[in-house]
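Quick one: structure below, then a few questions.
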Amino acid sequence: MAASLSTEGLQQEFDRLVADDQRIEPRDWMPDDYRKTLVRQIAQHAHSEIIGMQPEGNWITRAPSLRRKAILMAKVQDEAGHGLYLYCAAETLGVDRGELIDLLHSGRQKYSSIFNYPTLTWADVGAIGWLVDGAAITNQIPLCRCSYGPYARAMVRVCKEESFHQRQGYELLYALTHGTDAQRAMAQDAVNRWWWPSLMMFGPPDTESTHTAQSMAWRIKRFSNDELRQRFVDMTVPQAEVLGVTLPDPVLRWNEDRRHYDFGECDWDELRRVVSGEGPCNRQRMEHHIAAHDEGAWVREAAAAYAAKHAAVDAAA
Ligand code: BYC
């Protein structure tokens, strides 16, 4: 059908599929800007999963028990898997994974601001699971209904695993807040440091978000950054009460009229600084990724040589 329709007809068919809540698939015609937006968002998301392995990976050798170590290793391995699903989804849009990694290394593609903060204590592993994965799920559940089929399907699987990650962080923090005074203090300190960066994961306020309106019209995004941030706060405050930690926001309180929690303003200058490369760990994260990528060059070469050898054998058979 694509060959027989004019651009106008193709655009109408695309608009109809989006309006009917159907999925756009790789074989379908799509506007260039829709493709570019998806490549930007999916690549940024994939990079986030892979860079996100670093702050937690930092604690694998120092986990306090065999059980905690096994759980953390499984979680970090899951993040690698999420990155792979997402790079594959991006590749269906006609880009190559190697190209995307180069764009990350040269600073032309981003990854989530949250992974530029350090993990100073064991409680940070719990705070990341509870708050960072909690924020990630809040953002990603609507993406399961994203208009682009491969991204939506990748998100279904990612969300199932993220909910396990969130629960393990909550359980880890619960053990600390029900432990010794020192453990309770460590948990509270981690929550104090991760709360605001977690709220910033949802992106700039709607008034400053450059892509939201178009992405919502295309049904890539289903809710705005501020709507999802509010949803996360509403979900998390009662959990903090059960955990026995306070959230570091003096204006946080239930608003009976709005039926939502009111909360304070994030430090948007801090988000801008972290996104532009000036966060506490940006350089360290990127140097580590570039070094690991360079050291892995021989593995990629060997895999390519092996695939070429087998393709030649299959062709001769
Ligand atoms: N960090 O117009 P906006 C995980 C950029 S992984 C950095 O609102 P959009 C996990 C934005 O790219 C979680 N940059 O953009 C993994 C844009 O920049 P450019 C990762 C940010 O796309 C391991 C500009 O600011 N999740 O959970 O409509 C272990 C304007 O923003 C950030 C995803 O990637 C940020 N926080 O909305 C544990 C979810 N926020 O390109 C956990 C998928 C904004 O114009 N992504 N920017 O220069 C999305 O849902 C959307 O891309 C966002 C931003 C809500 C993040």
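Quick one: count up the residues across the stretch 36-51 that are more than 9 Å from the ligand (Cβ to nearest atom) and buried (at least 16 other Cβ atoms within 10 Å of the Cβ).
Residues that pass the stated criteria total 3.
Okay, moving on. Name the residues in the stretch 289-310 that are in contact (Cβ under 8 Å) with a residue 60 or more places away in the chain and more than 19 Å from the chain's Cα centre (by Cα), would you?
Of everything in the stretch 289-310, those that are in contact (Cβ under 8 Å) with a residue 60 or more places away in the chain and more than 19 Å from the chain's Cα centre (by Cα) turn out to be Ile290, His293.
Of all residues being open to solvent by less than 90 Å² (accessible area, probe 1.4 Å) and assigned to a loop (DSSP other than H, G, I, E, B) in the stretch 247-262, which is farthest from Ile128 (Cα to Cα)? Just the residue, please.
Val251
For residues in the stretch 55-111 being of a type in the set (S, T, N, Q) and part of a loop (DSSP other than H, G, I, E, B), which is surrounded by the most Cβ atoms within 10 Å (Cβ to Cβ)?
Selected residue: Gln109.
Six or more apart or on different chains, Cβ under 8 Å: which pairs go from a residue in the stretch 145-164 that's under 11 Å from Asp78 (Cβ atoms) to one that's of a type in the set (Ser, Thr, Tyr)? Could you list them?
Once the first residue is under 11 Å from Asp78 (Cβ atoms) and sits in the stretch 145-164, its partners that are of a type in the set (Ser, Thr, Tyr) give Arg157/Tyr85; Val158/Tyr85.
Can you say whether Leu93 is farther than 30 Å from Gln188 by Cα, in contact (Cβ under 8 Å) with a residue 40 or more places away in the chain and within 12 Å of the ligand (Cβ to nearest atom), as far as the supplied structure shows?
No: the conditions fail for Leu93.
Is there a residue being within 30 Å of Gly244 (Cα to Cα), β-branched (Val, Ile, Thr), out of contact with any strand residue (DSSP E or B) (no Cβ under 8 Å at 6 or more places or on another chain) and surrounded by fewer than 16 Cβ atoms within 10 Å (Cβ to Cβ) anywhere in the stretch 197-216?
Looking through the stretch 197-216, none of the residues is within 30 Å of Gly244 (Cα to Cα), β-branched (Val, Ile, Thr), out of contact with any strand residue (DSSP E or B) (no Cβ under 8 Å at 6 or more places or on another chain) and surrounded by fewer than 16 Cβ atoms within 10 Å (Cβ to Cβ).
Which count do you get for residues in the stretch 222-246 that are open to solvent by 30 Å² or more (accessible area, probe 1.4 Å) and more than 30 Å from Ser147 (Cβ to Cβ)?
Residues flagged as open to solvent by 30 Å² or more (accessible area, probe 1.4 Å) and more than 30 Å from Ser147 (Cβ to Cβ) within the stretch 222-246 amount to 6.
Another one. Consider only pairs whose beta carbons are under 6 Å apart and that are at least six residues apart or on different chains; among these, list those whose first residue lies in the stretch 218-233 and is assigned to a helix (DSSP H, G or I) and whose second residue is surrounded by fewer than 22 Cβ atoms within 10 Å (Cβ to Cβ) and of a type in the set (D, E, K, R).
Asn225/Asp206; Asp226/Asp206
Restricted to the stretch 182-196, and to residues that are of a type in the set (Gly, Ala, Ser) and open to solvent by 10 Å² or more (accessible area, probe 1.4 Å), which residue is nearest to the ligand (Cβ to nearest atom)?
Ala185
Out of the stretch 142-151, which residues are within 11 Å of the ligand (Cβ to nearest atom) and either at pLDDT below 95 or part of a helix (DSSP H, G or I) (or both)?
Selection gives Pro142, Leu143, Tyr151.
Moving to a separate point now. Only one of these conditions is not met by Asp21: (1) open to solvent by 60 Å² or more (accessible area, probe 1.4 Å); (2) without any contact (Cβ under 8 Å) to a residue 60 or more places away in the chain; (3) not polar (S, T, N, Q). Which number is it?
(2)
Limited to the stretch 263-317, what total is found for residues that are within 30 Å of Asp249 (Cβ to Cβ), among the hydrophobic types (A, V, I, L, M, F, W, C) and surrounded by fewer than 13 Cβ atoms within 10 Å (Cβ to Cβ)?
1
The values are calculated or read from the model by the stated rules, or taken from the named source; none is laboratory data. These numbers were taken from a predicted model, which means no experiment stands behind them. Cβ: placed from backbone, ideal geometry, glycine included. Neighbour counts: every protein chain shown. Keep in mind that these areas ignore ligands, DNA and RNA; they rest on the heavy atoms of the full protein, side chains included. Shrake-Rupley method; radii C 1.70, N 1.55, O 1.52, S 1.80 Å.
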